[in-house]
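The values are calculated or read from the model by the stated rules, or taken from the named source; none is laboratory data. What you see is a predicted model; the values in this text were computed from it and never measured. Cβ: placed from backbone, ideal geometry, glycine included. Neighbour counts: every protein chain shown. The protein model used for the area step is the full one, side chains on, heavy atoms only, and it has no ligands, DNA or RNA in it. Shrake-Rupley method; radii C 1.70, N 1.55, O 1.52, S 1.80 Å.
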Amino acid sequence: MADNLPSEFDVVVIGTGLPESIIAAACARSGQRVLHVDSRNYYGGNWASFSFSGLLSWIKENQEKTDISEECEDWRKLLLENEEAISLSKKDKTIQHVEDFCFGDQDSAEDVEEAGALSKLPGFGASAAEGVAQTSEKDVPPRESASPEVESQESDKATGCEPSSAMEGDDKEVTSENESAPSAALGESALEPGKAETAPADTSAKEPKRVTYSQIVREGRRFNIDLVSKLLFSRGLLIDLLIKSNVSRYAEFQNATRILAFREGKVERVPCSRADVFNSKQLTMVEKRMLMKFLTFCLDYEQHPEEYQDYESSTFAQFLSTRKLTPSLQHFILHSIAMVSETDCSTLDGLQATKKFLQCLGRYGNTPFLFPMYGQGEIPQCFCRLCAVFGGIYCLRHPVQCLVVDKASGRCKAIVDHFGQRISANYFIVEDSYLSESICTNVCYRQISRAVLITDQSVLNGDSEQQISILTVPPVDPGNPAVCIIELCSSSMTCMKDTYLVHLTCPSTKTAREDLEPVVQKLFNLNTEKETEDEGAGKPRVLWAVYFNMRDSSGVGKDSYSGLPSNVYVCSGPDSALGNDCAVKQAETIFREMFPAEDFCPPPPNPEDVIYEEDEIAPEESEFSISPETEPKFSTEESSSGGGIAVKKEDDEK
């Protein structure tokens, strides 16, 4: 297969995580020849999403940590006398301490098969390029584990094709059995604020339905489980980039519907918008006035430095205590609105975080956050598709042996892949996990503690079962990090009906299980079906759980890596922050260093404005044409509906 690869490119990108995928898309969009490779057999790296069986395969792989054998042992013969090699790592060491637990009858699922799963490689996309593929828009990154909705879609998945409603930016809404998912494709379809529910909850049913492990296995393709848990700020850098580049047409989004708080052993809903504050029954009228006055101040705090300049050296928590706020309001602001540390966050950082939260309110709904349907792993694939549309070549299961460096200039000239083919380029982007220990000797990495739970009910039952919620649990011991919890419902297309997918994240102090299990025990019932449940009465029951630590390489400067050539750029993996700003900033910085005169991810041209020469193929005759009727409209001006994004009204659904 390697014989089909061209031997020269402008940019070679190794790794398909979010920053690498954004850079690849930006380079291809600016006319560069891009080769994008990954040794894994799925897109996204540590940003990926998996079906349930796919996640079990990933867990097994990381618990065994098998070495990757070298297919080309004599690749060093390809080096010239004035060249040297920088070997790349054959083993991913970014995941540690992986522990999974089943809290049901696991034996009952031994003979159960996942509906629509491939028998050879369960959980991994069959269409992952085994070698080389010059991709067009219809061939690009498969959704690894998107839930099958009907038989035809399951068939498409098995052959590596995608349902058009999932990736093609049309106005179709993806639905599952007896439920629809109001969602928004940024830039074209809509986000209906506060309407995440699809079917009215049966308030009379107090007991959640019993879900067995065998059902989870059988419905495994309805799960899309993220390795990294994040939300998109509605006015964040990633949303702005999705709109600007028109990549938004490849994805669908839902509004996060609830902001929750954990106080005095109870989970409460946090009023954050003006309407929520005045409709809240948990706040007194005096507290409502206090809260609105403080939030109004935070929106333009820069204009009133006299209010906070005496507290610039204090923590934000200390500043709040001087603002005549009740303890409950201080808790809501600190942990659920600003979402900052009680001990480490300064007053200015806290005010800035609060202002960012408030500025994002109302753009798409009553909370500041959006969630990509089918999981966070969709976002890197969307940028990979844009790259492929503009000529990028994608190769999965394609390890790279080394970087070839010219001794005289100190610049990287080429890579040697596992087939022994030498591929030249001007610039090289490498994801941090591919660098060998010798290069990372001086690098000090942080760690992220992660847990993923499948539960049978929400942490806070309400009028609707279909809620996307975010909850911050303060640390028990001062100085320890707070735990961020994101709970997803089935309408987000990340879990099967009658279950919830719960993500827990915090910066690591110990192993993931040691960091997060105390929080899990507070909020959830870990008893098995055979055990008594008196102690966990009323709590959601955990059906299955996994804990793992993930490397956080964000914030590592290029100077920390030993012996890297000047034209090799390193992209970090996911960080512990809730948003994606770090990845977007890193991608833009690297792109501007390589191509300072080029625009970063400009919107694609309107097909009607493209002028074709006589010897060029007209769009209707080209295999890769995009008809004007299907091309989404793009507005660079911010409209009242959310900055070039049409908000779907209730009448539009009828």
Requested in this report: Work out, step by step, the length gained on full extension between Lys510 and Cys102: first 0.36 nm times the residue separation, then minus their alpha carbon distance; give nm to one decimal.
Outcome: 144.6 nm
Query - Entries in Lys93/Lys244; Lys293/Lys355; Lys355/Lys510; Lys93/Lys407 that, when Cα-Cα distance is taken, lie over 24 Å - result: Lys93/Lys244; Lys355/Lys510; Lys93/Lys407
Query raised in the report: How many angstrom lie between the C-alpha centres of the stretch 586-607 and the stretch 356-396?
Result: 17
Requested in this report: Can you grab the distance from the C-alpha centre of the stretch 422-491 to the C-alpha centre of the stretch 335-351, Å, no decimals?
Outcome: 20
Query raised in the report: In the stretch 212-304, which trypsin sites (Lys or Arg not before Pro) fall in coil by DSSP and have 12 or fewer other Cβ atoms within 10 Å?
Result: Lys281
Query raised in the report: Residue by residue, what Karplus-based ³J(HN,Hα) values in Hz, rounded to whole numbers, does the stretch 497-508 have, using 6.51, -1.76 and 1.60 with θ = phi - 60° and x for Gly and Pro?
Result: 4, 6, 10, 10, 9, 10, 10, 10, 9, 7, x, 6
Query raised in the report: How large is the dipole of the stretch 273-360 about the Cα centre if only Lys and Arg carry +1 and Asp and Glu carry -1, each at its Cβ, rounded to the nearest 20 debye?
Result: 560
Query raised in the report: Full extension from Ser321 to Glu64: what is 0.36 nm times the residue separation minus their Cα-Cα distance, to one decimal in nm?
Result: 87.5 nm
**Report entry** Carbon + sulfur, % of accessible area of the stretch 360-447 - ligands and nucleic acids excluded, 1.4 Å
**Finding:** 48
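Where in the stretch 308-373 are there trypsin sites (Lys or Arg not before Pro) that are in a DSSP coil and have at most 14 other Cβ atoms within 10 angstrom of their Cβ?
Answer in residue order: Lys324.
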**Report entry** Within the stretch 429-487, GluC sites (Glu not before Pro) in DSSP loop having at most 12 other beta-carbon neighbours inside 10 Å
**Finding:** Glu437
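Pairs to check: Lys356/Lys539; Lys209/Lys230; Lys60/Lys90. Give those whose C-alpha atoms are more than 21 Å from each other in this structure.
Exceeds cut-off: Lys356/Lys539; Lys209/Lys230.
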Query raised in the report: Assuming R0 = 51 Å, what is the FRET efficiency of Ser87 and Thr212, from their Cβ-Cβ distance, to the nearest 0.05?
Result: 0.60
Report task. Whole number in Å², please: accessible area per residue of the stretch 273-360, 1.4 Å probe, ligands, DNA and RNA not counted. Result -> 52
**Report entry** the stretch 30-38 - phi-based ³J(HN,Hα) in whole Hz, Karplus 6.51/-1.76/1.60, Gly and Pro as x
**Finding:** 8, x, 7, 7, 10, 10, 10, 10, 8
Query - Among Tyr308, Met292, Ser341 the positive-end extreme of the charge dipole of the stretch 273-360 (Cβ point charges) - result: Met292
Report task. Would you mind checking which residues have amide H under 5 Å from Trp544's amide H? H placed 1.01 Å from N; only 5 or more apart, or other chain. Result -> Phe103, Ile454
Query raised in the report: Cα gyration tensor of the stretch 433-476, axes a ≥ b ≥ c as square roots of the eigenvalues: rounded (a/c below 1.5), prolate (a/b > b/c) or oblate?
Result: prolate
Requested in this report: Mind listing the long-range amide H neighbours of Ile429? Cut-off is under 5 Å, sequence gap 5 or more, other chains count too, H placed in the peptide plane at 1.01 Å from N.
Outcome: Val12, Val13, Ile14, Tyr569
Report summary line: Spelling it out for Gly462: with amide H atoms placed in the peptide plane at 1.01 Å from N, the residues 5 or more places away or on another chain with amide H under 5 Å from its amide H are none
Report task. Note the full-extension length gain between Leu79 and Lys407 as 0.36 nm times their separation in residues minus their Cα-Cα distance, in nm to one decimal. Result -> 116.9 nm
Report summary line: Once the mean of 1/r over all distinct C-alpha pairs in the stretch 273-360 is inverted, the Kirkwood radius in Å reads 13.0
Query raised in the report: Whole-Hz Karplus ³J(HN,Hα) for the stretch 282-287, in order, using 6.51 cos²θ - 1.76 cosθ + 1.60 and θ = phi - 60°, x for Gly and Pro?
Result: 8, 10, 6, 4, 5, 5
